Amino acid sequence: MAPENDPTQSAAKNPPDEDVVIEVERLVMRFGKQTVLSGLDLKVRRGETLVVMGGSGCGKSTLLGLMIGGKAPTEGRVRLFGEDIAQVDETRLDALRRRFGILFQSGALYQSMSIADNVALPMRELTDLPPDLIDLQVKMKLEAVGLREHADKFPAQISGGMKKRAGLARALALDPEIIFYDEPSAGLDPVTSAEIDQLILTLTKKLGVTSVVVTHEMDSAFTIADRMVMLDKGRCLKIAPRAEYERIRSLGNDQASMLPEDDRIVRQFIRGDAAGPITDRRTMTSYADDLMGLLAPLPASPSITPTR
């Protein structure tokens, strides 16, 4: 009989979850005295679309930077395909990075290169594919995002939505297992934003990739998400399937008043309500106290009545 502390027996009882491609564990990130992320735990499963949302400054972009190995956490760890990316050497980290693609908020295209050359660049730099095969792959990636006929244009000659699609084609260049999206709908008109959402859904379904989408656009989030994560002041308020967020969003005011505070924060954010716990806490600190150390509280009512 094997001893109780036999590590092989422990591994057999708790085998690694092969469906988990990203694991964030007790993650803390500080910049000086400022804590941006505080004890975050999160798992991303293969083939799902996880939407990370929250207000400006909540830690979304910092979390994305940690997931792609752009920064090392202050505490905790990020495992990508089972490997702690803060502990691997540069050679291994480069190999892991080839397994994911990134769509940057601005598209981040090289202005001096055509759309086709932008998409071809990762293949030319990181593979041994012959030029004719690279050209074929570029046509396929551009066709997937509806830009094949614009291959010879330069970034300055195309619209903002087309730049996003070109950036997505480049993110797909090495056939990644994961795609990270940084505000894919930011700065786009509603129709173009909806087109990008449908493109994300189509690519996820056809290619089976895992998608991590950082956004504060609620229409987009509720369209594409399988699961949703709400960050607030560096904390994870809620990780749940989209249906749970839809339930919270649809609650009436009487029912919402009975929710825990974290859920009420979630509800106000996803509904875009002008009043709620997020705005209430902005008036908790008296301006007079902050400015002059006085104790007399100031009125909490706004000086201008909102029009909506």
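Each value in this text was obtained by applying a stated rule to the coordinates, not by laboratory testing. Not measured: the values here are computed from a predicted model. A quick note on method: Cβ atoms are made from the backbone with ideal geometry, for glycine too, and the neighbour counts reach across all protein chains shown.
For the pair the range 137-199 and the range 237-267, the centres of their Cα atoms are 33 angstrom apart.
Normalised by the number of residues in the range 144-252, what is the relative contact order in percent for Cα pairs under 8 Å and 6+ residues apart? Here the relative contact order equals 20 percent. Modelled spin-label separation between Asp19 and Leu93, with each label point placed 7 Å from Cα along the Cα-to-Cβ direction: 3.1 nm.
For the range 76-162, relative contact order (Cα pairs under 8 Å, six or more residues apart, normalised by length) works out to 28 percent.
What is the order of Lys164, Lys205, fewest Cβ neighbours within 10 Å to most?
Going from sparsest to densest Cβ surroundings: Lys205, Lys164.
With charges set only on the Cβ (+1 for Lys and Arg, -1 for Asp and Glu), what does the dipole of the chain come to about its Cα centre, in debye to the nearest 20?
About 480 debye.
Amide H neighbours of Lys238 under 5 Å, at least 5 residues apart or on other chains, H built in the peptide plane: list them. Under 5 Å from the amide H of Lys238: Met230. On the beta carbon distance between Ser159 and Met218, with R0 = 22 Å, the FRET formula returns roughly 0.40. Normalising by residue count, the chain has a Cα convex hull of 223 Å³ per residue. Within straight-line reach of Lys71, meaning a Cα separation under 28 Å, sit the following lysines at least 8 residues removed in sequence or on another chain: Lys33, Lys43, Lys60, Lys163, Lys164, Lys233, Lys238. Sorted fewest first by neighbouring Cβ atoms within 10 angstrom, Ser185, Ser159, Ser220 come out as Ser159, Ser220, Ser185. Going from the fewest other Cβ atoms within 10 Å to the most, the residues Leu199, Leu109, Leu126, Leu103 appear in the order Leu126, Leu199, Leu109, Leu103.
What is the local net charge at Gly208, summed over the other residues whose Cβ is closer than 9 Å to its Cβ (Lys, Arg +1; Asp, Glu -1)? With Lys, Arg at +1 and Asp, Glu at -1, the neighbours total +2. Cα-based values for the range 198-266, radius of gyration first and Dmax second, are 13.8, 44 Å.
Taking Arg227, Arg92, Arg235 in turn, the Gaussian network model of the chain (Cα-Cα springs below 10 Å) assigns the largest fluctuation to Arg92.
Among DSSP bridges having both ends in the chain, what percentage is antiparallel? Round to the nearest 5.
Of all bridge pairs located within the chain, approximately 55 percent are antiparallel.
Dividing the mean sequence gap of close Cα pairs (under 8 Å, 6+ apart) by how many residues the chain holds gives a relative contact order of 20 percent. Computed from the C-beta positions of Gln111 and Leu201 and an R0 of 30 Å, the FRET efficiency is 0.50 to the nearest 0.05.
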